[in-house]
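Note sheet for the following structure.
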Amino acid sequence: MSPNQKHIYFGTDKLDRASHLRERTAQLEEMKLTHDAKYVPVYNGRHIYMNQHSSFYRRSNPFDCEAECFLGLVGNQMWYSCPLNDKQAEKLEAEVGKRFASLRRYALKLDDELAHIALYSRGLDLWQRNRKFCPKCGTPNHLSWAGHRLLCQNNHEQFPHIEPAIIVLVTHGNKCLLGRKAEWPTYAYSTLAGFVEPGETIEAAVKREILEESNIQVSNVQYFGSQPWPFPASLMLAFTAEAKNEDIKVDDELEDVQWFTRQQLTEMMKEGYITIAPRYTVAHNLIVNWLESKDA
């Protein structure tokens, strides 16, 4: 396994989520007396980035916020995310002198643990904001379990929602298959991807999505790794696969799909004719791992 395959961004496991503490409100309050607590303000999945954007704003005393959501422990530190409403966010921006901004812009400037905490708090915040009402009875939800459970007045429970998606590097000999959407930046290409459908295995989703998007049939589907991706609520399941045919037919979802040899892709990237997925994405891992593989 190469270093690129091992280090998938946002995948660190230094944070102990300590999920058994979420229901123990009294114990969490007692722990605050003996532990260092860090509170991270979150607004619409965004954070305030500081220190030349190498860190996000947090402090050791609570914010005026919608709720304190326990994220877990890093050593002796307790980490909380604090979802803010519009007025609270505007007030904090004025106090700090900076605006809430997207994690996408600053991901590579954060160390692994801070990037993971930012992504985790983003996903939890977006789930909470998008589930204000119970889907069964329509009554308002309220947070419990330190931000990890929603409960309505009729006691219908909801838990964080995750959408599994497959992302695949397809190869055929010394070539790989990459595509682009029309709305992407000019010359940007990436691996093919799609959501897993109800009642479908992830292996079947790989074969279906690749066939739908490119007319390529695949075999030898191999698991590569996974990446949390709350943009807004996905879990990316990365695979490699081998193509059975080469004749591409593009569907309406993608603007272009092409085969690239290693030499072509490397030269076009150096000359600026093609850009691949950003370094913080598992798509980047897939492509770079293939470019640097032994049979290159």
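Numerical summary
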{"item": "Close pairs (9 angstrom Cβ cut-off, 6 or more residues apart or separate chains): on the phi > 0 side of the Ramachandran plot in the range 258-276, in a helix (DSSP H, G or I) anywhere", "result": "none"}
{"item": "Residue within the range 149-159 that is under 18 Å from residue 82 (Cβ atoms), surrounded by 21 or more Cβ atoms within 10 Å (Cβ to Cβ), in contact with a Phe, Trp or Tyr (Cβ under 9 Å, 6 or more places away or on another chain) and not charged (D, E, K, R) present", "result": "yes"}
{"item": "Boolean, residue 183 is surrounded by fewer than 22 Cβ atoms within 10 Å (Cβ to Cβ) and either among the aliphatic types (A, V, I, L, M) or under 17 Å from residue 221 (Cβ atoms) (or both)", "result": "no"}
{"item": "Condition check for residue 204: surrounded by fewer than 21 Cβ atoms within 10 Å (Cβ to Cβ) and in contact (Cβ under 8 Å) with a residue 12 or more places away in the chain", "result": "no"}
{"item": "Boolean, residue 118 is under 21 Å from residue 235 (Cβ atoms) and either touching a residue at least 24 places away in the same chain (Cβ under 8 Å) or assigned to a helix (DSSP H, G or I) (or both)", "result": "yes"}
{"item": "The range 159-199, residues that are of a type in the set (S, T, N, Q) and either assigned by TED's automatic domain parsing to the domain that holds residue 69 or touching an Asp or Glu at 6+ places or on another chain (Cβ under 9 Å) (or both)", "result": "171, 174"}
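Quick grid of which residues meet (1) over 16 Å from residue 119 (Cα atoms); (2) among the charged types (D, E, K, R); (3) buried (at least 16 other Cβ atoms within 10 Å of the Cβ); (4) in contact with a Phe, Trp or Tyr (Cβ under 6 Å, 6 or more places away or on another chain):
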{"residue": "9", "(1), (2), (3), (4)": "no, no, yes, yes"}
{"residue": "14", "(1), (2), (3), (4)": "no, yes, no, no"}
{"residue": "33", "(1), (2), (3), (4)": "yes, no, no, no"}
{"residue": "64", "(1), (2), (3), (4)": "yes, yes, no, no"}
{"residue": "68", "(1), (2), (3), (4)": "yes, yes, yes, yes"}
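The values are calculated or read from the model by the stated rules, or taken from the named source; none is laboratory data. Only a predicted model underlies this, so the values are computations on that prediction, with no experimental measurement involved. Ideal geometry is used to build each Cβ from the backbone, glycine not excepted, and the neighbour counts take in all protein chains shown.
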